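Single-structure report; data block below.
What follows is calculated from the coordinates using simple rules that are stated; it is not laboratory data. None of the values given here were measured: they were computed from a predicted structure. Cβ placement follows ideal geometry from the backbone for every residue including glycine, while neighbour counts extend to all protein chains displayed.
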Amino acid sequence: MGSTNGYVPSKEMQLRYLVEWFKEFSDMQKSDFLPVLVQRFGNKSYVNGLLPAMEAIGNLEDRPPNLFQCRVKLFTEWTETWGNEEKQTLLNHIKSIDPNFSAKYDKEVSSETAPYLQQEYVD
């Protein structure tokens, strides 16, 4: 699953884009992004196998995807080829931007269940 126009930025540029996009995310978007990030970087699978944000991306029958959905799709595509170094670099940037979100990520990765389903992201 690649970009439709064939252009794929370098991993360094991908990191820059993702850091800037994360800075622009609202609290609600961060809440939607958290389970996507946990599944991609935390090596954690969820019981239902579907993530809320990814379900929203696939449910576009009547309208085109919004900017957030496009960014999550690119994040998912780009990080398929990332190594641990790129992943850790992004996580470090996220931690410096939003320590509360980073703490929620750490909690999700270390937990046995998926509490994000029970509680919204609260800053």
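Descriptive notes on the structure:
- Computed extension gain for S110 through E77, at 0.36 nm per residue and net of the alpha carbon distance, reaches 9.4 nm.
- Backbone N within the range 8-30 under 19 Å of label point (7 Å from C70 Cα along the Cβ vector): 8-10, 13-26, 29-30
- Cβ-to-Cβ counts within 10 Å put Y105, Y7, Y17 in ascending order as Y7, Y17, Y105, the fewest first.
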